[in-house]
Structure formats: structure tokens, C-alpha cells
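See structure below.
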Amino acid sequence: MSRSISRLAALTKRNIREIVRDPLSLIFTLALPLFMEVLFYFIFHNLTDQFQMRYLAPGIVAFSQAFLTLFTGLLIALDRSTSFLTRLFVSETKPFEFIFSYAVSVLPITLVQTVLFFLAGGLIDPSLFGPGMLLAIPVSLVTSMFFIGTGILFGCICNEKSIGGISSIIITGQSVLSGMWFPTAGLGNGILTVMKVLPFKNATILIQNTVNGITDPWEDFVLPLIIVLGYTVVVFTVAVIAFRGKMRKV
Amino acid sequence: MAAIKITNLRKEYKDVTAVEGLDLEIEEGELFSLLGVNGAGKTTTIKMLATLTKPTSGEAEIMGRSVTKDPAGVKELIDISMQETAVARKLTVEENIEFYSELCGQTKTEIAETKKYIYEAFGLGKVAKKQASKLSGGWQRKLSIALALVTKPKVLFLDEPTLGLDVIARRELWNTVRTLKKSMTIILTTHYMEEAEALSDRIGVMKDGRLLFVGTKEEMLGKTGTQNVENAFISIVEGGGQDE
């Protein structure tokens, strides 16, 4: 048990260093969403509620998590392509230790993202500060697990050249199907149903509703949480299976 | 005691037999080179011995532990340096060594000793604070091989360790490998005949998954009536020579 924990700690420390020393990952996970938060607020906040900070900041938190898919996937795909993982497979490290360490090592970045975007939002519109915002921080860690798990899965099945393309599906999905960039009231039933069953809008409204207050616990919180957690369990299960498969086929 | 004992080892992929009926014993402290053209089965053999790939049939034991029945026990005894450089890119040389040391459960004192040993054996101390991705190819390969020694393996697998290196970097690595001889059993695969000639106690030649020859350099030259290992290798591979 203690050996397993020390291996997890070593792997996690290494993964965090790899991620934070990549300037591109910091630009896309922190700088770009922060720029968008400030820009979109000042351009559009008088035009529609969509861009009021109480919706925009939690929306940006969810949006920025889509980039975690790209950088988690890239880290694993590069580890595979350079035989780094093959070498580690000769060690006593178990598959779940690899997966767990990849997931845990991205969580501090999620935490920094959430705090940064809420702080920036709160400085622009102080009404954002409150207990809802504080509660939304752990909720955002939960939603981020879906994006991190998807990144682990993509990293297991794609190479470092294709990871950008396939991750853009998730980034596009989060942009278009989260409903944060445009009003959804006028959309057809078909697309609204798609948005309801996919994790993107559910992850976004989970954080938005936690910040702004929950009126209907089932509709506003429990159902979106179940949907996001369901997808998270599925992607992690498939990721573990894919990772085990890669370990057998080195 | 044989460090490695291979009995009728076989690996099949769908419609290809990568390794066919391999029998071989390698003594403790020996440096054994496995030669062969591309697709001969060298890397597959190494991967089976390193527990990375399961044999289709047959058996191999590392210091008496079975690669099929006790892979975890085998992992405690071995390490591997693959063809490709396998280092953590954004970590410094020092952090790479610390990472592998922590991964195998070393204490702080042991980690300090490991770093000292690796800096001395590989000359990596002068680039200790440099990020691995910023090192030259030769230094990266040195680090990659050095990391395989962190676990203090009884058996070390070096899969084409000097592939793609310039002649100076290759010679430097040879000197490093020479210093490791006798302190552990080393199995090396290579395409460079002069490398096998310079480093090996014994040489094995593989073709199409079969081991065609096993013996010393002198036995190889004597058997083929040639003057150097390269011509002897060509003679064995083209003639499909027989093992003694």
C-alpha cells in the first residue's frame, strides 16, 4: 500500500511538472479563457443575460476544462510515442496507478482555472462573490473529471499528431453544445434534446446553477450531476480498458 | 547459475511468427549481443524477457523466476532501455533520476547515492540541471540508459542503445556499457556489428525468428571462415547457418 502511494506521488509530481512547464498548456487553459471572459463581458454584457458575469464566469470555467482533454491526451500520447510509458510498464506500477496519477495531476490546474476565472469575474462584477461561488469550486473539480477522463482515453488510443484533431471535437462540443455562447430559447427540440443528454451543457449548468442558486434541486443540480458523472464513469472505464490493452501490446 | 534460461520460446502475431522455438542460456555477468536484420525477432525476444509481451508458448526464466508465471518477480530483477529515448522531457536530468528513484521506492539517502553513482558513471553531473528535451541526442540516450540503472537491475536489456547516434556519442556509450559489464547481465540488440564485436562476451544471430548461431566472436569467425564479425554475420544470415 505504501509503495503504491509513493509510486502515485512520484508519477503525479512528474506529470504536474510536465504540464506546467509547457507554455502552450498554460496559454490555452488559463490565458485564452481569461482573455475571452474579459473580452466577451465588456462587449456583450449589456446586450444579453448570457454574458452577465454570473453566467459568463462559471461558463468560462466549464469551457476552459475542455482544453484539459487536449493537454491530458497530449501528455499520454507523447509518453507512449517516446517509449517513456513502455519503460514504466517494466516497473511494478499498476495500470490504475498510471490512470489515477494522470487524473490527479491535472486537478491542481482545474483548481487554478476555477479560482482565476471566478476572481477575475468577481473583480469585474463583485456580485459574483458569495457562498455559491465557493460551492462551485468543488463542483467544477467534479465536472473536470469528465474532460480529464476523455483526455486519458484519447491519449491511450491516439498518437501525438492526431490528439489535437480528436480533442477539438470536445472543445467544439463544449463551445457549441454548452449553450453558454448563445441563447438556447429559440433552438429546435432536436438540438435541445441532444444538448440535454450530452455532458457539455450539463457540466456548464451545474457550475452556473451552483453559483446562482438552485431552485429545483433535481432539475438544476441532481440530474445534470448524474449525467456528467455517468459520462465520467464511462470514459474512465473505457480508458482503463484501453490502457490495459496498450500495456499488453507494447 | 544461468541468469537467463529460455526454453522453446515462441511468439505468434495473427499470421506472423516473430520468434520460433528459441532455446538459449545466458550466464550471470555476461554481455550477450543479439544480432539480426530488421524483423529477425530481436526486439520481440527482449520484450518477452522483459515481461512486456506474453509468449505464445515456451518458457523463459530470469534468475530462476518465470516470465509467464511470476512477471512481478521478474520485474524486480530487470530493467530496460528501449530503442527510442525514454525520458521525461520537461524534467531536468536530476529530476528524471529522482523520479525513477522515487518510483522504485528509494529513500532520500538512497536517491542521493543513486544520483552520485549515475553522475560518476555517465558523466551526467555536468548537465544535471538541464531539461531533458534540451539535451543533445547523445546525452538524452545516455540519460535513458542511466535511468535503467536506477533500479539496480540484475539483468539489463539494451535494445539498440546507440541507434541514430554519431560515432563519438556511440563510442562514449560503449565505454559506459563496458563499465557496467560483470556487475550485471546485459542483453544488447544492435545493428552495428562493430558494437557487438567491441562489447560482447557472446553473440547470437537471429533470422526470421530463429536463432541461427550462438558463440563467441572467435567461434563466429572460425565457423564462417571470415575475418570480421560483419562478414561472419552476412555469411550466417545468407547461408541460414546452423547452431552448434
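The values are calculated or read from the model by the stated rules, or taken from the named source; none is laboratory data. Bear in mind that the values here come from a model prediction, so they are computed numbers and not experimental data. Ideal geometry is used to build each Cβ from the backbone, glycine not excepted, and the neighbour counts take in all protein chains shown. Note: areas computed on protein heavy atoms with side chains; ligands, DNA, RNA excluded. Shrake-Rupley method; radii C 1.70, N 1.55, O 1.52, S 1.80 Å.
Listed by position, the helices (runs of 4 or more DSSP H) enclosed by segment B:80-147 that each have at least 3 residues that are out of contact with any Lys or Arg (no Cβ under 9 Å at 6 or more places or on another chain) are B:108-122, B:137-147. When B:Thr45 is tested against (1) closer than 24 Å to A:Thr82 by Cβ; (2) more than 9 Å from every other protein chain (Cβ to nearest Cβ); (3) crowded, with 19+ Cβ neighbours inside 10 Å; (4) in contact with a helix residue (DSSP H, G or I) (Cβ under 6 Å, 6 or more places away or on another chain), exactly one condition is not met: (4). Residues that are in contact with a Phe, Trp or Tyr (Cβ under 8 Å, 6 or more places away or on another chain) and among the aliphatic types (A, V, I, L, M) were ranked within segment A:154-175; the one that is farthest from A:Ile227 (Cα to Cα) is A:Ile163.
Put simply, of A:Phe236, A:Phe200, A:Phe243 the only residue that is over 20 Å from A:Pro58 (Cα atoms) and at pLDDT 95 or above is A:Phe236. For segment B:60-72, filtered to residues that are more than 10 Å from chain A (Cβ to nearest Cβ) and either farther than 24 Å from B:Glu160 by Cα or touching a Cys at 6+ places or on another chain (Cβ under 8 Å) (or both), the residue that is least open to solvent (accessible area, probe 1.4 Å) is B:Ser66.
Of all residue pairs spaced 6 or more apart or on separate chains, those with beta-carbon atoms under 6 Å, a first member in segment A:1-28 that is farther than 18 Å from A:Ile163 by Cβ and a second member that is aliphatic (A, V, I, L, M) and crowded, with 20+ Cβ neighbours inside 10 Å are A:Arg7/B:Leu103; A:Ala10/B:Leu103; A:Arg14/B:Ala88; A:Arg17/B:Leu91. Consider B:Glu120 carefully, then state whether it is open to solvent by 10 Å² or more (accessible area, probe 1.4 Å), closer than 16 Å to B:Thr176 by Cβ and either more than 14 Å from chain A (Cβ to nearest Cβ) or touching a strand residue (DSSP E or B) at 6+ places or on another chain (Cβ under 7 Å) (or both). Against the criterion (open to solvent by 10 Å² or more (accessible area, probe 1.4 Å), closer than 16 Å to B:Thr176 by Cβ and either more than 14 Å from chain A (Cβ to nearest Cβ) or touching a strand residue (DSSP E or B) at 6+ places or on another chain (Cβ under 7 Å) (or both)), B:Glu120 qualifies.
Selection of segment B:148-163 for residues being open to solvent by 10 Å² or more (accessible area, probe 1.4 Å) and not in a loop (DSSP other than H, G, I, E, B) yields an empty set.
Restricting attention to segment B:103-117 and to residues that are open to solvent by 60 Å² or more (accessible area, probe 1.4 Å) and more than 13 Å from every other protein chain (Cβ to nearest Cβ), the residue that is farthest from B:Leu180 (Cα to Cα) turns out to be B:Thr109. Confirm whether B:Gly29 is within 14 Å of another protein chain (Cβ to nearest Cβ), out of contact with any helix residue (DSSP H, G or I) (no Cβ under 8 Å at 6 or more places or on another chain) and open to solvent by less than 30 Å² (accessible area, probe 1.4 Å). Here the answer is no, as B:Gly29 does not meet what is asked.
Every residue, every condition in (1) closer than 26 Å to A:Leu8 by Cβ; (2) free of Cβ contacts under 8 Å to residues at least 12 places away in the same chain; (3) open to solvent by less than 50 Å² (accessible area, probe 1.4 Å); (4) more than 14 Å from chain B (Cβ to nearest Cβ), yes or no:
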residue: A:Glu37; (1), (2), (3), (4): no, no, yes, yes
residue: A:Ile43; (1), (2), (3), (4): no, yes, no, yes
residue: A:Tyr55; (1), (2), (3), (4): no, no, no, yes
residue: A:Ile60; (1), (2), (3), (4): no, no, yes, yes
residue: A:Phe63; (1), (2), (3), (4): no, no, yes, yes
residue: A:Leu70; (1), (2), (3), (4): yes, no, yes, yes
residue: A:Ala77; (1), (2), (3), (4): yes, no, yes, no
residue: A:Thr82; (1), (2), (3), (4): yes, yes, yes, no
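Among the residues of segment A:12-35, those identified as within 14 Å of another protein chain (Cβ to nearest Cβ) and in contact with a Phe, Trp or Tyr (Cβ under 7 Å, 6 or more places away or on another chain) are A:Arg14, A:Asn15, A:Ile19, A:Ser25.
Cβ-Cβ distances below 7 Å connect the following pairs, each with a first residue in segment A:92-117 that is open to solvent by less than 50 Å² (accessible area, probe 1.4 Å), a second residue that is aromatic (Phe, Trp, Tyr), and a separation of six or more residues or different chains: A:Pro95/A:Phe243; A:Phe98/A:Phe243; A:Ile99/A:Phe243.
Against the definition (on the phi < 0 side of the Ramachandran plot and part of a loop (DSSP other than H, G, I, E, B)), how does B:Thr185 come out, yes or no? No. Against the numbered list (1) open to solvent by 10 Å² or more (accessible area, probe 1.4 Å); (2) among the β-branched types (Val, Ile, Thr); (3) more than 29 Å from B:Asn38 (Cβ to Cβ); (4) within 13 Å of chain A (Cβ to nearest Cβ), B:Ile97 comes up short only at (1). For B:Gly21, are the conditions met, namely being away from chain A (no Cβ under 14 Å) and either assigned to a strand (DSSP E or B) or open to solvent by 30 Å² or more (accessible area, probe 1.4 Å) (or both)? When the stated conditions are applied, B:Gly21 passes them. Taken together, A:Leu119, A:Leu85, A:Leu78, A:Leu74 contain a single residue that is out of contact with any Asp or Glu (no Cβ under 7 Å at 6 or more places or on another chain) and hydrophobic (A, V, I, L, M, F, W, C), which is A:Leu119. The helices (runs of 4 or more DSSP H) located wholly in segment A:169-250 that include 3 or more residues which are free of Cβ contacts under 8 Å to residues at least 60 places away in the same chain and open to solvent by 70 Å² or more (accessible area, probe 1.4 Å) occupy A:189-197, A:223-248.
Applying the set (1) at pLDDT below 95; (2) within 14 Å of chain A (Cβ to nearest Cβ); (3) not in a strand (DSSP E or B) to B:Gly39 leaves exactly one unmet item: (2).
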